[in-house]
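To start, the structure under review is shown below, and the notes come after it.
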Amino acid sequence: MSAIADIPRIRLGMITPSSNTALEPITARLLADTPSVTAHFARLRVTEISMGGKALAQFDPAPMLEASSMLADMRPHAIVWNGTSGGWRGLDADRQLCTAIEERFDVPVTTVTLALVKLLKDKGISRVGFVTPYTDDVQRLILGTFATEGISATVSPCLGISENFAFSTVTEATLDRMVTEAAAARPEAILPFCTNLPATPYAARWEDTYGIPVIDSIALATRVGLELSGLSPSIIAGWGRVFSL
């Protein structure tokens, strides 16, 4: 009997930005060979990434808790905020969110940003290159958030886009150009940081080309969901080193 067949049924709960079209199909592909692990999504209205008051209010606790309550109905083994807002809003906002959800629903919770900081620290990675679709002001805040954790950014290209839906339309050629630019500074890891940026399918190719680990946000959400559920992320193969670091 295979190791996969021995795994009990695990349900991963994902809070998902409403205008996101990348993370759900990519997550389904990541889990295609692990039929005992399923991902389930509750949408949170997010249409714009900027520093405007209306855009920041999209991530207020109340709608996050409402999305979590719908996930809690299906008794998840873990809940992940499958978004990167902690990058520009700060880690404390993510920590407070996780505490609120855990206390109300008695389930382990994390976010992509908190998971990324933890993984980088655990692996002793302190020089990274971000690849994002965001505007310059959002990007600066992201770099500042990670700098406070002792993680410095080398060359980190961004695209200057604020419409969340548009992130998923970034082409492979554009992603290749951005990763090439980031890799030229020889960071210890390259971070496609956005859960609506369709970078996941190319991570293994970039790693082969540049010899640098690629820690993609969508893949990382699945990795940390598996870990919180008591499973080894190594059950997923062929999608890059994020599952074996």
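So that you can scan it fast, the table gives a plain yes or no per residue for (1) outside any helix (DSSP H, G or I); (2) in contact with a strand residue (DSSP E or B) (Cβ under 7 Å, 6 or more places away or on another chain); (3) among the aliphatic types (A, V, I, L, M):
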position	(1), (2), (3)
Thr27	no, yes, no
Ala32	yes, no, yes
Ser50	yes, no, no
Lys54	no, no, no
Leu71	no, yes, yes
Met74	yes, yes, yes
Val80	yes, yes, yes
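Under 6 Å between Cβ atoms, at least 6 apart or on separate chains: pull out the pairs that start in region 148-173 with a residue that is over 12 Å from Pro198 (Cα atoms) and of a type in the set (Asp, Glu) and end on any residue that is at pLDDT 95 or above and outside any strand (DSSP E or B).
Glu149/Val117
Can you tell me which residue is farthest from the chain's Cα centre (by Cα) among those in region 87-139 that are acidic (Asp, Glu) and in a helix (DSSP H, G or I)?
Glu103
Within region 113-124, which residues are farther than 13 Å from Val242 by Cα and either touching a Gly at 6+ places or on another chain (Cβ under 9 Å) or of a type in the set (Val, Ile, Thr) (or both)?
Across region 113-124, the qualifying residues are Thr113, Leu114, Val117, Lys121.
Mind listing whichever residues of region 177-190 are of a type in the set (D, E, K, R) and within 15 Å of Thr132 (Cβ to Cβ)?
Hits for region 177-190 are Arg177, Glu181.
From the list Ala237, Ala204, which one is on the phi < 0 side of the Ramachandran plot, surrounded by fewer than 18 Cβ atoms within 10 Å (Cβ to Cβ) and touching a Ser or Thr at 6+ places or on another chain (Cβ under 9 Å)?
Ala237
Have a look at Ile190, Ile218, Ile161 and point out the one that is in a loop (DSSP other than H, G, I, E, B), β-branched (Val, Ile, Thr) and either under 28 Å from Phe41 (Cα atoms) or not assigned by TED's automatic domain parsing to the domain that holds Ile26 (or both).
Ile161
The values are calculated or read from the model by the stated rules, or taken from the named source; none is laboratory data. Since we're looking at a predicted model, the values are computed, not measured. Because the Cβ atoms are built from the backbone with ideal geometry, glycine has one as well, and the counts that use them run over all protein chains shown.
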